[in-house]
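Here is the structure we will look at, set down as structure tokens.
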Amino acid sequence: MKTRLTLLLVLISFSIQSQNYKFGKVSKEELSQTVDLKDSTIGATILYRKHHVQFEYRESKNGFVQIVEVHQRIKILNKKGLDWATNKIRLYNRSATNSERLQTLKGYTFNLVDGDIIKDKLKKDGIFDEIANKYWRYKSFTMPNVKVGSVIEFNYEIVSPYRQIDEIDIQYSIPINVFDLKVSTPEYYVYNKLLNPRASYIPKLDVSTKSLTTPIIYNADVVSAHLKDVPALIEEPLVNNIDNYRAKLIMELSMTRLPRSNLEYYSTTWNKVTQRIYKNPNFGGQLDKSSYYKDDIDALLAGTTDPIEKSFLIFNYIKSKIKWNEYYGYTSDIGVRKAYKTGVGNVADINLMMISMLRYAGVKANPVLVSTKNNGIPLFPTQQGFNYVICMIESEGFNVLIDGTARYSSFNILPTRVLNWQGRVIRENGSSTWINLAPSSTSSDATSLNVKINADLTIDGKVRQQKTNYAAMSYRNRYASLSADGKIKNLERNKGEIEISNLNIENELDYTKPLKLTYEYSLSDGIEDIGGNLYFSPMLFLASEENPFKQEKRNYPIDLTYPFSDKYMINIMIPEGYAVESLPKSEKIQFNSQAGEFTYLAKENGSFLQLTVILNLNSPIILAQDYEPFKSFYTRVIEKQSEKIVLKKI
């Protein structure tokens, strides 16, 4: 029976892959499919995807327009796949007369009901407009009547006035049975064709030439691929940005060779990219403006001569004066003068203004172009490779990076969104160079835990914690805005039968100092009584709950964001009438020489048990080839933290 079922699934899969994917014509075989043959755990499968790009000459435009046609058919296999009922189309929205336009959008949901194929049409009430920012908007749509077993299908066409071709994703989080890819470009536009070298799946592309005669005669360069069984791009824990490893086609406009015109080159270097950005009036032009803030900064810095103190005062002033509107960008959105007046601005409004103020105060400050984590790592020099700008202060013995958009950031403690790849600092003379954005200083989280075991086997005690650098900023970002009760509830979450009281926090809003927490606790489920012996983990509710590194193999680097040191000093009072039966052995474990170290020290000292537990991870990036030893290291850390002390009755 099992063999017959497998054969049936194979035949269905073969039938599905070999069929003609005409829009609106879904087969009963597709609707009968209940599981993906290669991976029974996935929620949906892309049965077919067509992505065609071509340029059409239009006399009304006196030139070419870009046409993007997408046709996609998806099988919903289980509840995990229902999210694929909603999709988004991104459109560039530069101006009313110079924007991308969604020309057509059609869609159907197909279901098999009593042996009949029932078709539901995508209607206007399922289509929505979303504004991302002044340059980007989305057309989102949700397919009707989608359920487990449905096949959804849609196609759309985008008309664009631009020569730049968006990156074409070839991999998604679910597999693709058939992918039909074609990019046809006129001979007048020359593109470099790039596949993402970081991807584990590299498709084979065919390159050819064809002649076109309507309405003008010209040759077109064609890049195409007919792909089968494209594997899913599987997310892994603690990946910087999974999109960095996605199979994709990048068409970089290299040059144009228009009739009766000179060759115009677009391929460039990073140095030329930064020079072009600096000349942009919404970038470099904003750095020269100072009249709108001069009086305020003069008053702020009156009597101050030290450049460090000046920098600190201006940094704090910007953060209190201008609120970030949560828009990225390295160019000013509304202009620094207006942002200063209204008290609201995007990343560039705030940080370019801060750089201008620092320069006005005689501090050597320069902009640093950044690609945030969600923007990925660019594969070639391009202005789109950056989407953010921060500030670098350079002086003798005092070089720091700062970002005025984040309330709890500090000198060299940047928002984690910008800790990606490298930054490109641009100096006033026009020169530029790469700088490392990775944090060099360790963020520490030191905890002192006092434990008193009561006669009823409940535990009372006190906790003292001190957090520095990114550990402190992370806490402030997540919890500083909560009420006292909210903070206590967060401390109690997932810690068993615990009650926390008398919470006190020092330096909660003063990001220049370590954050300090103290609280008292009462724990009622921390001890097991087995045959009169008491068993408990000395770290109680502070031990790591779960190992996130369970998979056998790792495809992508682990990004821990910053180097850190977690230290626990535990002091346990041995209850009267009990003695130590067994104590976890002291142990030191290392990973990759000095990249990571775990220290566990336990000793009996009179009527007390004293433990020191330290986890140091000095390298925030763990390469995929080091995953196996790192997994072994981290697994041993989790095991050691959960080892139990045994007390016997005397």
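Rank the residues Asp298, Asp333 as a footprinting-exposure proxy: fewest other Cβ atoms within 10 Å of their Cβ go first.
By the 10 Å Cβ count, ascending, the order reads Asp298, Asp333.
Report Rg (one decimal) and Dmax (nearest whole number) for segment 461-577, counting Cα atoms only, units Å.
That works out to 17.3, 53 Å for Rg and Dmax.
What is the packing order of peptides 500-510, 630-640, taking the mean over residues of other C-beta atoms within 10 Å and listing the highest first?
Result, highest mean Cβ count within 10 Å first: 630-640, 500-510.
Rg and Dmax of segment 535-649 over Cα atoms: what are they, in angstrom?
That works out to 16.2, 53 Å for Rg and Dmax.
Between segment 206-283 and segment 504-554, what is the C-alpha centre distance in whole Å?
50
Return the loop-located trypsin sites (Lys or Arg not before Pro) in segment 458-536 (DSSP other than H, G, I, E, B) with at most 12 other Cβ atoms within 10 Å of their own Cβ; answer none if there are none.
Answer in residue order: Arg493.
Within 10 Å of each candidate Cβ there may be at most 13 other Cβ atoms; applying that plus a DSSP loop requirement, which GluC sites (Glu not before Pro) in segment 555-625 survive?
The qualifying sites are Glu576.
Measure up Lys204/Lys228; Lys139/Lys323; Lys38/Lys147; Lys50/Lys79; Lys321/Lys364 against 20 Å on the Cα-Cα distance and list the ones that go over.
Lys139/Lys323; Lys38/Lys147; Lys50/Lys79; Lys321/Lys364
Work out the P(r) tail for segment 270-436: percent of alpha carbon pairs separated by more than 24 Å, whole number.
Roughly 28 percent, once rounded to a whole number.
Compute the angle between helix 347-360 and the longest alpha-carbon principal axis of the chain, please, reported from 0 to 90 degrees and rounded to the nearest 10.
The two axes meet at around 70 degrees.
Using a cut-off of 19 Å between alpha-carbon atoms, which aspartates and glutamates can reach Lys550, once sequence neighbours fewer than 8 places away in the same chain are excluded?
Those aspartates and glutamates meeting the cut-off are Asp39, Glu235, Glu236, Asp559, Asp626, Glu628, Glu639.
With equal scatterers on the alpha carbons only and no solvent term, can you work out the Debye log10 of I(q)/I(0) for segment 2-256 at 0.11, 0.14 1/Å?
-0.68, -1.07
Taking the 0 to 90 degree range and rounding to the nearest ten, how far is the long axis of helix 469-479 tilted relative to the main principal axis of the chain, both from C-alpha atoms?
In the chain, helix 469-479 runs at an angle near 80 degrees to the longest axis.
State the Kirkwood hydrodynamic radius of segment 381-463 in Å, one decimal place, computed from all pairs of distinct Cα atoms.
Hydrodynamic radius (Kirkwood, Cα only) of segment 381-463 equals 16.6 Å.
Treating the beta-carbon of each Lys and Arg as +1 and of each Asp and Glu as -1, no other charges, what is the dipole magnitude of segment 443-649 about its Cα centre, to the nearest 20 debye?
480
Assuming R0 = 45 Å, what is the FRET efficiency of Lys585 and Asn504, from their Cβ-Cβ distance, to the nearest 0.05?
0.80
Short version: ³J(HN,Hα) in whole Hz for each residue of segment 510-521, in order, from phi by Karplus 6.51 cos²θ - 1.76 cosθ + 1.60 (θ = phi - 60°), x for Gly and Pro, what are they?
Each residue's phi maps through the Karplus curve to give 8, 5, 7, 10, x, 7, 10, 10, 9, 7, 9, 9 Hz.
For segment 607-616, just list the computed ³J(HN,Hα) in residue order, Karplus coefficients 6.51, -1.76 and 1.60, θ = phi - 60°, integers in Hz, with x standing in for Gly and Pro.
Coupling constants for segment 607-616: 8, 10, 10, 10, 10, 10, 10, 10, 10, 10 Hz.
Taking loop as defined by DSSP and a crowding limit of 14 other beta carbons within 10 Å, which GluC sites (Glu not before Pro) in segment 210-307 fit?
Listed in order of number, the matching sites are Glu235.
Which of the peptides 376-387, 442-453 is most tightly packed, and how do the rest follow, judged by the mean count of other Cβ atoms within 10 Å per residue?
442-453, 376-387
Of the listed values (i) 1.02; (ii) 0.97; (iii) 1.17, grab the one calculated as Cα Rg over 2.2 N^0.38 Å from the structure here.
The listed entry that was calculated here is (iii).
Quick check: the angle from helix 270-279's long axis to the longest principal axis of the chain, C-alpha only, nearest 10 degrees?
Orientation of helix 270-279: about 90 degrees from the principal axis.
For Met569, Met143, Met353, what ranking results if the residue with the fewest other Cβ atoms within 10 Å of its Cβ goes first?
Met569, Met143, Met353
Under the rule of -39500 (n - 2.57) per DSSP H run of 4 or more residues, summed and divided by the residues of the chain, what mean residue ellipticity at 222 nm is obtained, to the nearest 500 deg cm²/dmol?
Taking each H run of at least 4 residues, the total per residue is -5500 deg cm²/dmol.
Pairs of Cα atoms under 8 Å, at least six residues apart: use those to get the relative contact order of the chain, whole percent.
Worked out over the chain, it gives 8 percent.
Values in this text are rule-based calculations from the coordinates and carry no lab data. Computed from a predicted structure; not experimentally measured. FYI the Cβ positions are ideal-geometry reconstructions off the backbone, even for glycines, and counts take in every protein chain you see.
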